[in-house]
Structure formats: structure tokens, C-alpha cells
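> Would you mind keeping the following structure in view while I ask a few things?
The values are calculated or read from the model by the stated rules, or taken from the named source; none is laboratory data. These figures come from a predicted structure and were not determined experimentally. Cβ atoms come from the backbone with ideal geometry, glycine included; neighbour counts cover every protein chain shown. Ligands, DNA and RNA are excluded from the accessible area calculation, which covers all protein heavy atoms including side chains. Shrake-Rupley method; radii C 1.70, N 1.55, O 1.52, S 1.80 Å.
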Amino acid sequence: GAGVSQSPSNKVTEKGKDVELRCDPISGHTALYWYRQSLGQGLEFLIYFQGNSAPDKSGLPSDRFSAERTGGSVSTLTIQRTQQEDSAVYLCASSDFSGLPHYEQYFGPGTRLTVT
Amino acid sequence: AQSVTQPDIHITVSEGASLELRCNYSYGATPYLFWYVQSPGQGLQLLLKYFSGDTLVQGIKGFEAEFKRSQSSFNLRKPSVHWSDAAEYFCAVGAAGSARQLTFGSGTQLTVLP
């Protein structure tokens, strides 16, 4: 495929609802990352996958946030019981983990989440 | 833990003028350093990166950056700015450990005057 794709591009949800955000990485990229971009907070790392496993979940802000990756490809970020402070742009990136030092991350266009 | 500081929140330059965006990092070992650009409604695009070797790195769109270890800086430069360069610019440092996450600065918004 061309690049990293994310869906939906925009999502408006009511406070308390669950949402799922999807990321399709570049074909063949083994590493996948989720970041959150909030007004006034900049870009925050959320979680990183190598294959289907997540060795680093340190950035997930609460237990309402979870993510999975299947088949070493598509990833889903789930936010349960959304809160207004979850409103942000959620960015996904992927990289070729085949070796150092080449681990340039390629970013998708993001999903803009608005919690009303 | 690593950190990145971009001291300028907003910079305005005239088209054709030179540009320098500042970036300071904090990291215990040799850093992996990146500059990304984000246009409105777009994802982040990599401009250039530094891993090792020559401290002056060239990137796309006529940008360059210089790694100065003594100053813990990785400033982005362009000799002549074009109106299409108006965007937000992010400096980032990569961890050498297994996580390989990027830590971003807060960004610098660039406005280009005609």
C-alpha cells in the first residue's frame, strides 16, 4: 500500500460511549505506534507494537485505553467510556524494524476524536 | 528519560528570508534526532534525521539541520523560505532502547508573510 492509513478521519461521540480507531500500517512494517496530539499537550506516545505484541504500553493514560494488533498488520485503539479530555487527534505510525539505525516512523493522517 | 524543548511556539518570517527553528534535547546517550513537518489536516512528514556521522544533515524541501553535542541542540535551517513552508514543525528524539518511541517537542508554528 501507499502509506499508513487511519479510519475514521473524524469521529464525534458522546461522553461515556466507547470508540474504536483503526490503523493500517505500511505493508511489511513490523513496528506500529500510537500517539495522541492534544491542544496544549503536543504529541504524546501511547503504545508501541512489535509484531502483535506490545512491549511498551507506558503511555496509555488510563485503563480505559487499550489497543490490539492482529496478523502483524492492522491495529485498533479502543477508548472505553470516553471523556471530554480524550478529545484529540490520534496518530498512528509504522516503521521497518529490520535493523538499526533505520527506524524512521511513517505517520498516518490521524483520526480527530471529539467527545461531546 | 529523554526530552525535547522547542523554545519558539510561533515564528513569522517573510518569504525569501532565512529560517532557523531551535531544538534542544536531553538524553543520556547519543540521540537519534528527527525533524517532522505537519501541514494543516495532514500527518507528520519526516524532513530529516540524524543518527551518527556528519553533524550537518540535509533533508527534503531544502532544509538542513546541525547536531551540536556541546549545546544539546539540533536546529533546523532553510536559507530561503517559501510560502508553502508554512506549517508546524516538530523536533523529536528517539530512544536507543527497545521501545523506540519518539519523544516530541511541543512544536513551532511557522507563518510565512508574502
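> Can you say whether residue A:79 is within 25 Å of residue B:90 (Cβ to Cβ), crowded, with 18+ Cβ neighbours inside 10 Å and away from every other protein chain (no Cβ under 14 Å), as far as the supplied structure shows? If you could, list the steps in order and put the result at the bottom.
On the way: within 25 Å of residue B:90 (Cβ to Cβ): yes; crowded, with 18+ Cβ neighbours inside 10 Å: yes; away from every other protein chain (no Cβ under 14 Å): yes.
Spelling it out, residue A:79 is indeed within 25 Å of residue B:90 (Cβ to Cβ), crowded, with 18+ Cβ neighbours inside 10 Å and away from every other protein chain (no Cβ under 14 Å).
> Name the pairs: first residue in the range B:75-96 and within 12 Å of another protein chain (Cβ to nearest Cβ) and acidic (Asp, Glu), second residue open to solvent by less than 60 Å² (accessible area, probe 1.4 Å) and not in a strand (DSSP E or B), Cβ to Cβ under 6 Å, at least 6 apart or on different chains?
Once the first residue is within 12 Å of another protein chain (Cβ to nearest Cβ) and acidic (Asp, Glu) and sits in the range B:75-96, its partners that are open to solvent by less than 60 Å² (accessible area, probe 1.4 Å) and not in a strand (DSSP E or B) give B:88/B:107.
> Here's a check for you: in the range B:36-65, which residue that is farther than 25 Å from residue B:83 by Cβ and assigned to a strand (DSSP E or B) is least open to solvent (accessible area, probe 1.4 Å)? Give the derivation first.
Filtering the range B:36-65 down to residues farther than 25 Å from residue B:83 by Cβ leaves B:49-56.
Now restrict to residues that are assigned to a strand (DSSP E or B): B:49-50, B:56.
Values: B:49: 65, B:50: 11, B:56: 65 Å².
The qualifying residue least open to solvent (accessible area, probe 1.4 Å) is B:50.
> Checking the condition open to solvent by 10 Å² or more (accessible area, probe 1.4 Å) and farther than 24 Å from residue B:4 by Cβ, which residue from A:73, A:38 passes? So that I can check it myself, show each step before the final result.
Working: A:38 fails: farther than 24 Å from residue B:4 by Cβ.
Checking each option against the conditions leaves just A:73.
> Scan the range B:81-97 and tell me whether some residue there is in contact with a Phe, Trp or Tyr (Cβ under 9 Å, 6 or more places away or on another chain) and more than 28 Å from residue A:38 (Cβ to Cβ).
no
> Still on this structure: List the number of the failed condition for residue B:106; all other conditions in (1) surrounded by fewer than 19 Cβ atoms within 10 Å (Cβ to Cβ); (2) in contact (Cβ under 8 Å) with a residue 24 or more places away in the chain; (3) at the interface with chain A (Cβ under 10 Å from one of its Cβ atoms); (4) over 20 Å from residue B:2 (Cα atoms) hold.
(4)
> Cβ-Cβ distance below 8 Å, separation of 6 or more or different chains: which pairs start in the range B:32-44 with a residue that is closer than 14 Å to residue B:109 by Cα and at the interface with chain A (Cβ under 7 Å from one of its Cβ atoms) and end on one that is open to solvent by less than 40 Å² (accessible area, probe 1.4 Å) and part of a strand (DSSP E or B)?
Going by the 8 Å Cβ cut-off, the qualifying pairs are B:44/A:91; B:44/A:93; B:44/A:107; B:44/B:36; B:44/B:37; B:44/B:38; B:44/B:90.
> Exactly one condition in (1) within 14 Å of chain B (Cβ to nearest Cβ); (2) out of contact with any Gly (no Cβ under 7 Å at 6 or more places or on another chain) is false for residue A:15; which is it?
(1)
> Given the conditions (1) in contact with a strand residue (DSSP E or B) (Cβ under 8 Å, 6 or more places away or on another chain); (2) charged (D, E, K, R); (3) without any contact (Cβ under 8 Å) to a residue 40 or more places away in the chain; (4) away from chain A (no Cβ under 14 Å), report the number of the one that residue B:69 does not fulfil.
(1)
> Just to be sure before I move on: is residue B:83 surrounded by fewer than 18 Cβ atoms within 10 Å (Cβ to Cβ), hydrophobic (A, V, I, L, M, F, W, C) and either closer than 18 Å to residue A:43 by Cα or over 12 Å from the mean Cα position of the chain (by Cα) (or both) in the structure I sent?
In short, yes.
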